[in-house]
Amino acid sequence: MYTKEEYAKDCQIHNDMRRLVDSDVNRLNYHLMAPAGWLNDPNGLVEKNGINHVYFQYTPFDAGWGIKSWGHYTTKDWLTYKEEEPFVFADNRLDRDGAYSGSAIVKDGIIHYFYTGNVKLLDGDYDYILTGREQNTIHLTSSDGFHFSGKELVLANSDYPDDMTTHVRDPKILKDGEKYIMVLGARSIEDKGCALVYHSTDLSHWHYVTRIQTSEKFGFMWECPDLFKLGNQLILSVSPQGLEKEEARYQNVFQSGYFLVDENHGDYTVRKFEEFDYGFDFYAVQTFEDESGRRILMAWMGLPMESEYQEDPTVKYNWRHALTMPRKLVFQNDAVYQRPLKEFEKLRKNEFQSQISEFTQWQTENCCFEINVTFSNPAESFSLRLRDDVILTFDGSLLSLKMGESGFGRTQRNIALDKVSRLQFFSDTSSIEIFINGGRYTMTSRVFSDTLKQIITFDSKSDGQLTIYDLKKFNIE
Ligand code: FRU
């Protein structure tokens, strides 16, 4: 268990930890991070009365995997944020080993939250896959996003199909006419990943309807499912575990991507899995629709513990991981495009413009900048040095992100591509996010440079326009 009272005590005991955390040069300027300790998945993303709530999997004061609470930031404009007290604690018989990931939906002015209460039983010889774990689906309601009523158990292990292991979690809700659809990520006894589908009309009583799965096995577990519509297209986002590496796909320990879904009288067929991101640090996507109707995605800019990289240097400063920039989703050409939110244009200062052919080099003082490249004709080949030892190259068929020592074990990621016409590149002190061809592909990574005073160079056979901006820090109150 980890209660609000223990958290309050820890805040006193560790009150100098914030100074240590804040002294780290790798603290990001415009990304959300754990105030101190560990962060993973974005949770409960929702906007109510103009306030966006960003909750996240949080182990306060411990930069490793521990009992999860829901950390909490709010923002009205995505530029100024308020750090709030953690929202949910693992303080109950139903969630004592972690208030795991979940989501939010507004109904009649009330925010309804659903999350997984993780319980590890200790009274037997368990393998924690087939036995020994409770995954309780818990429901909370709140009128303001800061305080909630009691924890209501809506689904327990006995409510999941008989052929499931004890890995069933991460509820996400979609409204469909008068009914609500819940998807839960699951691992079957046959070690096949799938999403379980439940229906409800009142958000308290749920019944099992079907499951969404592929005909051939596609990983052993699907974490963090999210079923949503972009225009008329139904999309299922999942984070599958256990995919075999391919030449230029599935390079990370676990993936995050989406299927296009066809629904026919309650039966779902999925096609065309596409990774959301081709970089090194990207997992556990969650989306939500804001009050202006935008579908916004955020992801954990990190990976589960089985990561093959070296330990991030931030751990010495007692914090680890961050969330990606919020990205607006658009469906076109049969694919999901990701675009940085327009609000981030307000971070720009000191514009610098050049023809690519006339560009020699540009110097950054703190690695917080944005580069926009538009080729006059699709590029034949180029080599863009984004940092001293981080290079993006294109040879006409393969786009490669190559990292040296600053990658801390992250070496190379590729996308098979026949053309590159546009690039938008965001660098923060210790992260990079690259949007390719208007956001059709993205590459996201952490990077830990020795010095933030760096030179950017660009070697390209194809001409076009290049614009660079320094980026300001956002405010956290
Ligand atoms: C994904 C995940 C979720 C789980 C949470 C626990 O990263 O493993 O499936 O709910 O993290 O922190």
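The values are calculated or read from the model by the stated rules, or taken from the named source; none is laboratory data. Everything quoted here is computed from the prediction, not taken from an experiment. Note that each Cβ is placed from the backbone with ideal geometry, even for glycine, and that neighbours are counted across all protein chains shown. Remember, those area values only see protein heavy atoms, side chains included, never the ligands or the DNA or RNA. Shrake-Rupley method; radii C 1.70, N 1.55, O 1.52, S 1.80 Å.
Tally time: how many residues in the range 252-267 are open to solvent by 20 Å² or more (accessible area, probe 1.4 Å) and assigned to a loop (DSSP other than H, G, I, E, B)?
Qualifying residue count, the range 252-267: 3.
Among the residues of the range 71-80, is any at pLDDT 95 or above and within 16 Å of the ligand (Cβ to nearest atom)?
Going through the range 71-80, the residues at pLDDT 95 or above turn out to be 71-80.
So of that shortlist, the ones also within 16 Å of the ligand (Cβ to nearest atom) come out as 71-72.
Yes, the conditions are met somewhere in the range 71-80.
Does Leu347 qualify as being within 21 Å of Ser103 (Cα to Cα) and either touching a helix residue (DSSP H, G or I) at 6+ places or on another chain (Cβ under 7 Å) or hydrophobic (A, V, I, L, M, F, W, C) (or both)? Steps first, please.
Working: within 21 Å of Ser103 (Cα to Cα): no; either touching a helix residue (DSSP H, G or I) at 6+ places or on another chain (Cβ under 7 Å) or hydrophobic (A, V, I, L, M, F, W, C) (or both): yes.
It is false that Leu347 is within 21 Å of Ser103 (Cα to Cα) and either touching a helix residue (DSSP H, G or I) at 6+ places or on another chain (Cβ under 7 Å) or hydrophobic (A, V, I, L, M, F, W, C) (or both).
Among the strands (runs of 3 or more DSSP E) contained in the range 325-376, which hold 1 or more residues that are surrounded by fewer than 16 Cβ atoms within 10 Å (Cβ to Cβ) and aromatic (Phe, Trp, Tyr)?
On the way: elements: 327-332, 335-340, 348-355, 361-364, 369-375.
The strands (runs of 3 or more DSSP E) meeting that bar are 348-355.
Would you check if there is a residue in the range 260-268 being of a type outside the set (A, V, I, L, M) and under 16 Å from the mean Cα position of the chain (by Cα)?
Initially, the range 260-268 is screened for residues of a type outside the set (A, V, I, L, M), giving 262-268.
Filter again for under 16 Å from the mean Cα position of the chain (by Cα), leaving none.
No, there is no match, as no residue in the range 260-268 is of a type outside the set (A, V, I, L, M) and under 16 Å from the mean Cα position of the chain (by Cα).
Would you be able to say whether some residue in the range 48-57 is open to solvent by less than 50 Å² (accessible area, probe 1.4 Å), more than 23 Å from Gly98 (Cα to Cα), in a loop (DSSP other than H, G, I, E, B) and touching a residue at least 24 places away in the same chain (Cβ under 8 Å)?
Of the range 48-57, the ones open to solvent by less than 50 Å² (accessible area, probe 1.4 Å) are 48, 50-57.
After this cut, where a residue has to be more than 23 Å from Gly98 (Cα to Cα) as well, the list is 48, 50-52.
Cutting the leftovers down to in a loop (DSSP other than H, G, I, E, B) gives us 50.
Filter once more, so that each one left must be touching a residue at least 24 places away in the same chain (Cβ under 8 Å): 50.
Yes, the range 48-57 contains a residue that is open to solvent by less than 50 Å² (accessible area, probe 1.4 Å), more than 23 Å from Gly98 (Cα to Cα), in a loop (DSSP other than H, G, I, E, B) and touching a residue at least 24 places away in the same chain (Cβ under 8 Å).
For the structure I just gave you, tell me whether Tyr73 is without any contact (Cβ under 8 Å) to a residue 40 or more places away in the chain, touching a Lys or Arg at 6+ places or on another chain (Cβ under 7 Å) and not hydrophobic (A, V, I, L, M, F, W, C).
Working: without any contact (Cβ under 8 Å) to a residue 40 or more places away in the chain: no; touching a Lys or Arg at 6+ places or on another chain (Cβ under 7 Å): yes; not hydrophobic (A, V, I, L, M, F, W, C): yes.
The answer is no for Tyr73.
Quick check on my filter: what residues within the range 185-205 are buried (at least 19 other Cβ atoms within 10 Å of the Cβ) and free of Cβ contacts under 8 Å to residues at least 60 places away in the same chain?
Scanning the range 185-205 gives Gly185, Ala186, Arg187, Ser188, Lys192, Gly193, Cys194, Ala195, Leu196, Tyr198.
When you check Thr314 against the structure, is it free of Cβ contacts under 8 Å to residues at least 24 places away in the same chain, surrounded by 17 or more Cβ atoms within 10 Å (Cβ to Cβ) and not in a loop (DSSP other than H, G, I, E, B), yes or no?
No: the conditions fail for Thr314.
When you check Gly302 against the structure, is it within 16 Å of the ligand (Cβ to nearest atom) and either closer than 23 Å to Val25 by Cα or touching a Leu at 6+ places or on another chain (Cβ under 8 Å) (or both), yes or no? I'd like the intermediate steps shown before the answer.
Working: within 16 Å of the ligand (Cβ to nearest atom): yes; either closer than 23 Å to Val25 by Cα or touching a Leu at 6+ places or on another chain (Cβ under 8 Å) (or both): yes.
Judged against the criteria, Gly302 is a match.
When residues of the range 81-101 are filtered for being on the phi < 0 side of the Ramachandran plot and either within 14 Å of the ligand (Cβ to nearest atom) or not in a strand (DSSP E or B) (or both), how many remain?
Here is the first cut: in the range 81-101, the residues on the phi < 0 side of the Ramachandran plot are 81-97, 99-101.
Then drop every residue that is not either within 14 Å of the ligand (Cβ to nearest atom) or not in a strand (DSSP E or B) (or both), which leaves 86, 88-97, 99-101.
Adding up the residues that qualify gives 14.
I'm checking my understanding of the structure. Among residues of the range 214-228 that are touching a residue at least 24 places away in the same chain (Cβ under 8 Å) and open to solvent by 20 Å² or more (accessible area, probe 1.4 Å), which one is nearest to the ligand (Cβ to nearest atom)? Quick ask: steps written out before the conclusion?
As a first pass, look at the range 214-228 and keep what is touching a residue at least 24 places away in the same chain (Cβ under 8 Å): 214, 217-228.
Now restrict to residues that are open to solvent by 20 Å² or more (accessible area, probe 1.4 Å): 214, 217-218, 220, 223.
Details: Thr214: 19, Lys217: 19, Phe218: 17, Phe220: 13, Glu223: 4 Å.
Per the criteria, the residue is Glu223.
If only one of Thr411, Thr442 is open to solvent by 40 Å² or more (accessible area, probe 1.4 Å), of a type in the set (S, T, N, Q) and under 30 Å from Lys316 (Cα atoms), which one is it?
Numbers: Thr442 fails: open to solvent by 40 Å² or more (accessible area, probe 1.4 Å).
None of the others qualify; the one that does is Thr411.
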